[in-house]
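For reference, the structure is listed below as structure tokens.
The values are calculated or read from the model by the stated rules, or taken from the named source; none is laboratory data. No experiment lies behind these values; they were computed from the predicted model shown. No Cβ is skipped: glycine too gets one built from the backbone with ideal geometry, and neighbour counts run over all protein chains shown. Protein only, heavy atoms only, side chains kept; ligands, DNA and RNA dropped before computing areas. Shrake-Rupley method; radii C 1.70, N 1.55, O 1.52, S 1.80 Å.
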Amino acid sequence: MATAALRFPPFLSTRPAPTTAAATCARRTASATLRVAALPESASAPASTSDGPPEFSPPAGFKTPVPRRFAVKDGQLASVAGAALALPFRLGTGLFVLGYSVSLVSADKMPSDQYSLEFLGLKVKETSKIDQCRRPEKPIEIYEFEGCPFCRKVREMVSVLDLDVLFYPCPQKGPTFRPKVLEMGGKTRFPYMVDPNTGVAMYESDEIIKYLADTYGDGSVPIMLSLGLLTTITAGLAMIWRVRKGSYYTVSKLPPQPIEIWAYEGSPFCKIAREALVELELPHLLHSCARGSPKRQEIFKKHGIFQAPYIEDPNTGVKMFESAEIVEYLRATYSLYPQYQNL
């Protein structure tokens, strides 16, 4: 789904002056007081300013990293391990799409240009029921942030249903999209979903999950999303080793177009990349690609490899794999003081 089809109007807004020493220096730059964002079609654009939107380009000396399957960058093992702790707490919810099934076939039964894993000289054939479900014509819009267990529940359902979602990050003290949720729904509560395909807008994670299951699935909700308070508790425990990550705003420059990311909730590598997107309050069009997703074949066809996360940034032209390098790229490109950031 092309970002250009979203047709979001540009939105300029001033933000209160930062108070930290680093931000005081950044304030001397014109881009420090401007936010350029793609807002929902319902947003009303205020009067334009005389300053133009900031221009974006890859960091100086940037080189696209070579994808390395199942490799962890030096110094990042603790981050990946902490993000992976979600898997036992959530029993893998968000790893597989609806109706996922797997079988082993001989290598000659799978075309060479078809994405598949290999095991003991055989090919792993993965299928699902997603092609039997209704697909939204426009991306669903969800306002949320990484450190919220209620938001995690909804993101898991997004992965199960293989949906494309335009995420508007709402980290603590975020100046752009938290106020927008209050304006639209009357409450600063998360997650908040807007479905432009049906006109439905709602709070409450369990209701959003049921709505998505009924509208874009077969009506069923995975057991780990159906346990009430236990679901919320385990969703919170899943994030315990990444506490505060993806929860608090980092002063940034917001580009005019959403970044596209291919990711899924069950991957610790994807979580690390999304934490950076949320902290920088960068809208991103997420193409879910859990196991069994046909979108894996799309990436494989384009690059001869599938790996997640993978991003395409229409603001700079950068296309890249590798979670740690993605985080470094995002901070170098969009943070006003990336030297203070750590994974």
Hits in region 95-126 (condition: open to solvent by 60 Å² or more (accessible area, probe 1.4 Å), in contact (Cβ under 8 Å) with a residue 24 or more places away in the chain and not in a loop (DSSP other than H, G, I, E, B)): 96, 102
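So which residues in region 221-242 are of a type outside the set (A, V, I, L, M, F, W, C) and in contact (Cβ under 8 Å) with a residue 40 or more places away in the chain?
Listed by number, the residues that qualify are 222, 231, 232, 234, 236, 242.
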Of all residues making up region 273-302, the number that are more than 17 Å from residue 256 (Cα to Cα) and either without any contact (Cβ under 8 Å) to a residue 24 or more places away in the chain or acidic (Asp, Glu) (or both): 4
Residue list for region 56-94, restricted to those being open to solvent by 40 Å² or more (accessible area, probe 1.4 Å) and more than 21 Å from residue 329 (Cα to Cα): 81, 85, 87, 88, 89, 91
Some residue of region 243-257 being farther than 18 Å from residue 178 by Cβ, among the aliphatic types (A, V, I, L, M) and surrounded by fewer than 20 Cβ atoms within 10 Å (Cβ to Cβ): yes
Any hit, region 167-190, residues being closer than 25 Å to residue 302 by Cβ, of a type outside the set (Ser, Thr, Tyr) and touching a residue at least 12 places away in the same chain (Cβ under 8 Å): yes
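Give me a count of the residues in region 159-178 that are assigned to a strand (DSSP E or B) and open to solvent by 10 Å² or more (accessible area, probe 1.4 Å).
Initially, region 159-178 is screened for residues assigned to a strand (DSSP E or B), giving 164-169, 172.
With the extra rule that they be open to solvent by 10 Å² or more (accessible area, probe 1.4 Å), the set shrinks to 164, 172.
Qualifying residue count, region 159-178: 2.
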Lone qualifier among 198, 250 - being of a type in the set (S, T, N, Q), touching a residue at least 12 places away in the same chain (Cβ under 8 Å), assigned to a loop (DSSP other than H, G, I, E, B) and within 30 Å of residue 332 (Cβ to Cβ): 250
